[in-house]
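Worksheet for the structure shown next.
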Amino acid sequence: MNPINVGLLGIGTVGGGTYTVLTRNEAEITRRAGRPIRISVVADKNLELAKQVTGGNVRLTDDAFAVVADPQVDIVVELIGGYGIAKDLVLKAIENGKHVVTANKALLAVHGNEIFAAAQKKGVMVAFEAAVAGGIPIIKALREGLTANRIQWIAGIINGTTNFILSEMRDKGLPFADVLKEAQRLGYAEADPTFDMEGIDAGHKLTIMSAIAFGIPMQFDKAHIEGISKLEAEDIKYAEQLGYRIKLLGITKRRSDGIELRVHPTLVPAKRLIANVEGAMNAVLVQGDAVGSTLYYGKGAGAEPTASAVIADLVDITRMHTADPEHRVPHLAFQPNAVVDTPILPMAEVETSYYLRLRVEGKPGVLAEVTRILADQQISIDAMIQREPGEGELQTDIIMLTHLTREKAIDGAISKIEALPVVKRKVIRLRLENLDK
Ligand code: HSE
């Protein structure tokens with residue numbers, strides 16, 4: 001049978017992995033896809049590298065625009081990244097009637113609505129399994145495997161670099177800055193680690209999952225995003241004493257009045273499986289009304305794990321591209337005319353539990369003042385510990401866990417607590433999720 005022809009844009013880590021796996025598993029993949037999937041042209045600025053990876057067996061060019069215009073190419077695989085030239089290339093490929101596979105989470109989270117609308121109009125597929133959690137087939141699970149469910153919430157460790165850093169901070173009791181340097185030395189964190197550290201990368205991936213879980217447009221600009229750079233090693237230690245681990249979670253939750261969409265360091269009970277996901281691994285926990293909770297675990301980055309997702313999309317497209325567009329799996333899981341504009345809730349309305357650390361003077365009545373403020377805001381305390389003050393020390397730490405409350409109530413309480421003369425520094429506030437229902 002005639003091969004389907006792929007134009008590969010970018011032959012860096014993931015592009016190289018895609019080429020290697022497609023070549024190595026060619027026979028097996030053909031048996032699954034029903035026809036060979038052939039990379040017929042590769043575009044990369046670094047032609048020397050492209051030659052090395054492909055062994056000179058494929059047509060090479062440094063002009064990616066020529067690939068998206070090439071009449072021989074059926075599917076364009078975009079592995080360039082970023083919102084700049086990648087966006088122009090994807091839109092051009094769609095305009096030229098090509099199907100697109102992309103690993104570009106930033107592009108989809110920010111410009112996805114425009115891209116999917118263009119693809120819908122042209123009747124082409126845009127597949128993006130590799131954009132979220134690398135090799136874990138979470139897009140497939142959300143769009144197809146869990147299609148019977150009303151999805152209630154998703155909580156994921158969807159950035160491997162920050163998970164590695166948090167694991168090291170906990171294991172070795174080291175501060176964030178030291179572990180970041182180590183991660184950079186090992187090649188995990190990038191030289192400019194902002195997207196990973198500040199939660200932006202996780203925010204992109206969460207935005208995509210939220211859209212396909214709830215049938216809403218991509219709304220990255222409405223996501224609340226906090227990273228791990230301000231996290232203190234002491235809080236990891238106190239959380240541990242209380243039976244919790246701190247993870248950078250992407251959380252999206254359906255409520256009757258809207259949808260929560262947030263990335264932040266989160267206390268999770270240490271006994272949950274997801275709390276035990278260590279190092280650079282990813283995991284996504286999905287709660288559906290019929291299935292209950294399901295957990296997906298695996299490598300969220302790297303050449304071959306990400307290639308595994310890219311090739312799965314290539315096989316899907318190969319199987320489906322002769323099908324009538326109406327009968328394909330919709331890009332965003334829901335039929336385009338059934339996408340709804342449920343509001344993303346502002347952070348003040350988010351409901352969760354909290355971890356508070358207060359530096360206070362060690363004298364009678366301090367606790368009474370603090371708990372009075374919490375009681376006035378209807379905030380109920382779940383657990384509390386007080387650090388034993390050192391010899392002659394006049395200040396100490398009080399750590400409290402609250403029951404479920406609204407963010408605006410905790411914010412109100414914190415500003416009142418910080419105004420008390422017995423409270424000696426800004427209150428450390430972290431969010432806590434039980435992830436049990
Ligand atoms: N920087 C990402 C991570 C890589 O650390 O998980 C894949 O998106």
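For the ranges 156-165, 101-110, what's the packing order if you count other beta-carbon atoms within 10 Å of each residue, average per peptide, and put the highest first?
Taking the mean over residues of other Cβ atoms within 10 Å, the ranking is 156-165, 101-110.
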Exercise. When only C-alpha pairs under 8 Å and at least 6 residues apart count, what is the relative contact order of region 361-437, in percent?
Worked result: 31
Seminar exercise, completed: In degrees, nearest 10, the alpha-carbon axis of helix 13-24 is tilted away from the dominant principal axis of the alpha carbons of the chain by 50
Seminar exercise, completed: Going through Lys363/Lys424; Lys140/Lys205; Lys237/Lys424; Lys172/Lys247; Lys140/Lys271 one by one, the pairs whose alpha carbons sit over 18 Å apart turn out to be Lys237/Lys424; Lys140/Lys271
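Sequence gap at least 6, Cα distance under 8 Å: using those rules, report the relative contact order of the chain to the nearest whole percent.
16
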Seminar exercise, completed: Rounded to two decimals, the Rg over Rh value of region 351-437 from Cα coordinates and the Kirkwood Rh reads 0.98
Exercise. D for region 21-147, whole µm²/s, Stokes-Einstein with Kirkwood Rh over alpha-carbon pairs at 20 °C and 1.002 mPa s: what number?
Worked result: 136
Seminar exercise, completed: Taking Cα atoms, the helix 200-214 axis meets the longest principal axis of the chain at an angle in degrees (rounded to 10) of 80
Problem set entry | region 160-304 - convex hull of alpha carbons, volume per residue in Å³ | 131
Exercise. Can you give the relative contact order of region 236-317 as a percent, counting alpha carbon pairs under 8 Å and 6+ residues apart?
Worked result: 18
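Please report Rg over Rh for the chain, where both radii come from the alpha carbon positions and Rh follows the Kirkwood definition.
1.04
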Problem set entry | GNM result for the chain, Cα springs below 10 Å: residue of Gly187, Gly173, Gly82 fluctuating most strongly | Gly187
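A short reminder: the numbers here are calculations on the coordinates, not readings from a lab. These numbers come from a predicted model, not from an experiment. Every residue, glycine as well, gets a Cβ built from its backbone with ideal geometry; the counts of neighbours run over all protein chains shown.
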